[in-house]
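Beneath this line is the structure, given in structure tokens, with notes to follow.
The values are calculated or read from the model by the stated rules, or taken from the named source; none is laboratory data. Just so it is clear, the model here is predicted, and its values are computed rather than measured. Reconstructed Cβ throughout: ideal geometry from the backbone, glycine too, with neighbour counts over all protein chains shown. Calculation scope for accessible area: heavy atoms of the full protein, side chains included, ligands and nucleic acids excluded. Shrake-Rupley method; radii C 1.70, N 1.55, O 1.52, S 1.80 Å.
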Amino acid sequence: MELLPDGQRNTATEVSWDDQQKINKFSTLINKKDENLEVLKKLKEEKEYLDDLSLEIELLDEDEKIQYKVGEVFIFMKVNKVIEKIEVDNEVLTEKISNIESSVDEIDDSLESYKKQLYARFGNNINLER
């Protein structure tokens, strides 16, 4: 028997195995969304750097060789080749950003579904807000 303050009654709902699985899945999705948002932030920063770099490089002479980072090393490339490389890298980044944004949208849809189910079952006895 629980001792509650006068005028309050126990409104706890028993948590079934299925309920616990939904809560665990909700938590997993929240963590996955946070990871995706962190990666998305880094990719957007990288895309912004590439855009800035592209603008700066277009001001240079086409036949001039400049250093361009490929992986962990810098190599000398002609400006027009660097511009082509930046365009390809930019397209790849845009695709990655789009994929992660759609993944985050899918996660949001799943989270909303779990929220509805869990709030319907537990009401104010559960807090799924951050």
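Modelled label positions at Trp17 and Glu101, each set 7 Å beyond Cα in the direction of Cβ, lie 4.3 nm from each other.
If only the Cβ of Lys and Arg carry +1 and only the Cβ of Asp and Glu carry -1, the dipole of the chain around its Cα centre is close to 780 debye.
Protein heavy-atom surface of the chain, 1.4 angstrom probe: 48% of the accessible area is carbon and sulfur, with nucleic acids and ligands not counted. With R₀ fixed at 25 Å, the C-beta to C-beta distance from Lys42 to Gln67 puts the FRET efficiency at about 0.60. Given their separation in residues at 0.36 nm each and the Cα-Cα distance between them, Leu55 and Lys78 gain 6.7 nm when the chain is fully extended.
The spread of Cα positions in the chain, taken along each principal axis and listed from longest to shortest, comes to 84, 26, 22 Å.
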